[in-house]
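The values are calculated or read from the model by the stated rules, or taken from the named source; none is laboratory data. Being a predicted model, the structure only gives us computed values, none of them experimental. For neighbour counting, all protein chains shown are included, and Cβ atoms are generated from backbone atoms with ideal geometry for every residue, glycine included. To get the accessible areas, we keep the full protein, side chains included, count just its heavy atoms, and leave off ligands, DNA and RNA. Shrake-Rupley method; radii C 1.70, N 1.55, O 1.52, S 1.80 Å.
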Amino acid sequence: MLRSLFLAAALLSSARAVELQLPTENHHLFSGEPEKFYMYVDRTFEGATTKPWEGGSFGFVRTPIRVGGEVVLTKFHEGVDISPIKRDKAGNPLDLVNAVSDGMVVHTSDVAGRSNYGKYVVVEHKFDEDAFYSVYAHLSVVKVKPGDVVKTGSLIGQMGYTGAGLNRTRAHLHLEMCLLMSNHFAGWHTAFSGGTNFHGNFNGMNLAGMDVASLFLEHKKNPALRVQDFVLAQPPYFKVTVPRKGAWDFASRHRWLAKGDLAAPTPSWEISFSATGLTVGIAASQREVVEPMVTAVRDSKVSHRHLTRGLIDGQGNAATLTRSGKQLVALLMDDFPMPVPAPEPAAKE
């Protein structure tokens, strides 16, 4: 009887509802007033200058082009830009920025010029024992340090306008909720990128964002919603089949993404991606491939390149991975030379 009670308690604990809270006092997302929640962008298109609030939302919301008679937004915005509620007399934002859920600070960047994020903080959250990461960017002040344990609503910093392309007028908080792509980002950065990586595994290129505003709205409607189930519900845009090469760290860390037995002896994996490049499903595949290849794609009259931030190319129901797409898959699969660890200093006699 005691053992049964213990197991029941453990199951209830593991299924504990996730607590989510918006990071600032701006709650207009929930009042149906998106124009007051999102920070607008300045846009000039075909001679007209506008300030659409939609440019501060998640997804393909920026850089319009005309394809035939259709206007297509081609630039991907990986988070949401939340407008300030309070400003001082000079126009500087006064809004405090708080943790969206319980977690631990794993990275802070106090030097604005080291990232397009400006000064930013990354918090790790364990939802049903799986790690997700919230990002708080463009801060004026960082109030935490790596290793700090935070609760829902704990102070993270203060809103600002540090980072690329911002000014006092468009000050905002850029918020993301992400999956970590690789635990070995330094190797990928050396192989495929340039410059200095100041942020270790918590470089923005290693964090795959989801539609965080939709997550908050869905969670508001259903507080029992698991973040995992929210991700799994996202529609795939394309699928890539990759050769199976032993253990796969990303799939092991996120077993909920996989259909079937991860240990099944199949020759390949089929990975489902959203249009933005977020992994939304993994399945064992019997297809024989020698390199990553697109094996399914949503039909489209517009070039897939415009609709997937350049990850795939083609049109209709045919597509191929671009260079960027191949690099994304390489990051996800840890398919790059691992950095050689520095030798330990010899012990003194």
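For the chain, carbon and sulfur atoms together expose 54% of the accessible surface, with a 1.4 angstrom probe and every protein chain in place.
A simple spin-label model places the labels of ARG87 and ASP261 6.2 nm from each other, with each point 7 Å out along Cα-to-Cβ.
Accessible area per residue of region 23-104 at 1.4 Å probe, in Å²? That works out to 50 Å² for each residue. Once the chain from LYS245 to ALA233 is taken as fully extended at 0.36 nm per residue, the excess over their C-alpha distance is 1.5 nm. Taking the Cβ of PHE238 as the center, what net charge do the other residues with Cβ under 14 Å away carry, scoring Lys and Arg +1 and Asp and Glu -1? Local net charge: +2. The slack between LEU94 and ARG168, meaning 0.36 nm per residue of separation minus the straight C-alpha distance, is 25.5 nm. Between region 170-249 and region 19-84, the alpha-carbon centres lie 20 Å apart. Here P(r) over Cα pairs in 10 Å bins from 0, in percent was calculated from the structure, and among (i) 5, 23, 25, 19, 13, 8, 5, 2, 0; (ii) 6, 27, 33, 22, 10, 2, 0; (iii) 5, 22, 31, 26, 12, 3, 1, 0 it sits at label (iii).
Computed 3J(HN,Hα) for region 263-270, one whole-Hz value per residue from the Karplus formula 6.51 cos²θ - 1.76 cosθ + 1.60 where θ = phi - 60°, is 8, 4, x, 10, x, 7, 10, 10, glycine and proline marked x. The Cα-based radius of gyration and maximum Cα-Cα distance (Dmax) for region 224-328 are 13.8, 42 Å. In the elastic network of the chain, a GNM with C-alpha springs shorter than 10 Å, the most mobile of HIS107, HIS304, HIS254 is HIS254. Model label points for PHE45 and THR152, set 7 angstrom from Cα along the Cα-to-Cβ axis, are 3.7 nm apart.
Karplus-based coupling profile of region 285-298, in residue order and whole Hz: 10, 8, 6, 8, 9, 9, 8, x, 8, 6, 10, 7, 7, 5, with θ = phi - 60° in 6.51 cos²θ - 1.76 cosθ + 1.60 and x standing for Gly or Pro.
Cα-based values for region 45-186, radius of gyration first and Dmax second, are 16.8, 52 Å. Here the simple spin-label model places points 7 Å from the Cα toward Cβ, and for ARG114 and ASP299 these points are separated by 5.0 nm.
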